[in-house]
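The structure appears right after this line, and notes come after that.
Every number here is computed from the coordinates shown, using simple stated rules; none is lab data. On a predicted model such as this, the values are computed, not experimentally measured, just so you know. Neighbour counts run over all protein chains shown; Cβ positions are idealised from the backbone, glycine included.
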Amino acid sequence: MKSFGQRAWVLPQPVLIIGTYNSDGTPNAMNAAWGGQWDSKEIMISMGAHATTDNLARCGEFTVAFATKETMVAADFVGIVSAKDDPLKMQKTGWTAVKASNVDAPVFTDFPMTLECRILRKIDETADGYNIVAEIVNILVDERYLASDGKPDVEKMQLITYEPVHHGYVVLGERVGNAFADGKKLK
């Protein structure tokens with residue numbers, strides 16, 4: 001096996017779109033690749049120093065949408081362009097924003113699934129950023145992406161993952177097994 005040393009290569013990495021309001025009340029979004037489930041009702045996201053972190057300092061509430069094949073170009077754009085540098089950033093995405101019902105943050109309706117979140121704590125806060133642990137207050141799913149049992153159908157969503165080795169995006173694919181069931185064949 002070839003050794004590569006220390007790298008940020010944990011796979012897959014979700015492409016998370018963090019939604020907040022700027023100080024003037026306009027919606028803002030950023031792309032955050034380093035995040036995941038922290039506990040059954042909590043998530044963790046590594047945040048750098050961004051307009052979004054300024055927004056979170058004013059209001060600890062935000063939304064998290066999961067980028068898809070369809071939203072990939074604009075999702076990448078909000079990761080490379082700061083609202084501090086481009087006041088037309090959100091207009092260029094073409095996304096539609098509505099106010100979340102349970103938190104003071106925008107919901108971008110272009111995504112199949114969005115988490116409404118509230119910061120519980122910041123970890124290792126420095127001038128360069130921090131890690132946040134946030135409570136998942138509510139989960140919204142566009143009805144077009146529900147399965148026959150009424151729950152989200154992840155295969156329909158065409159979610160993307162960040163591929164850090166070659167800096168790309170990969171569409172998550174088909175279901176290949178059943179968790180907590182297929183392994184029983186080896187008992």
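Quick one: count up the residues across segment 105-125 that are more than 21 Å from Gly48 (Cα to Cα) and acidic (Asp, Glu). Before you say what the answer is, go through the steps one by one.
Let us first name the residues in segment 105-125 that are more than 21 Å from Gly48 (Cα to Cα), namely 107-114.
Checking the rest, the ones that are also acidic (Asp, Glu) come to 110.
The qualifying residues number 1.
Residues checked against (1) over 23 Å from Asn31 (Cβ atoms); (2) among the aliphatic types (A, V, I, L, M); (3) touching a residue at least 60 places away in the same chain (Cβ under 8 Å):
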| residue | (1), (2), (3) |
| --- | --- |
| Glu143 | yes, no, no |
| Ala147 | yes, yes, no |
| Asp153 | yes, no, no |
| Val165 | no, yes, yes |
| Gly177 | yes, no, no |
| Lys187 | yes, no, no |
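Give me the helices (runs of 4 or more DSSP H) completely within segment 26-118, filtered to those with at least 2 residues that are in contact (Cβ under 8 Å) with a residue 12 or more places away in the chain, of a type in the set (Gly, Ala, Ser) and under 22 Å from Lys156 (Cβ atoms), ordered by residue number.
In segment 26-118, the matching helices (runs of 4 or more DSSP H) lie at 72-80.
Kindly list the number of the only condition in (1) in contact with a strand residue (DSSP E or B) (Cβ under 6 Å, 6 or more places away or on another chain); (2) surrounded by 12 or more Cβ atoms within 10 Å (Cβ to Cβ) that fails for Glu155.
Unmet condition: (1).
Taking the criterion of being within 30 Å of Arg7 (Cβ to Cβ) and not in a loop (DSSP other than H, G, I, E, B), would at least one residue in segment 141-153 satisfy it?
Of segment 141-153, the ones within 30 Å of Arg7 (Cβ to Cβ) are none.
No, the conditions are met nowhere in segment 141-153.
Of all residues in segment 121-137, count the ones that are surrounded by fewer than 15 Cβ atoms within 10 Å (Cβ to Cβ) and either assigned to a strand (DSSP E or B) or within 16 Å of the chain's Cα centre (by Cα) (or both).
5
Is it true that Asp54 is of a type in the set (Asp, Glu) and closer than 24 Å to Leu172 by Cα?
So Asp54 fails the test.
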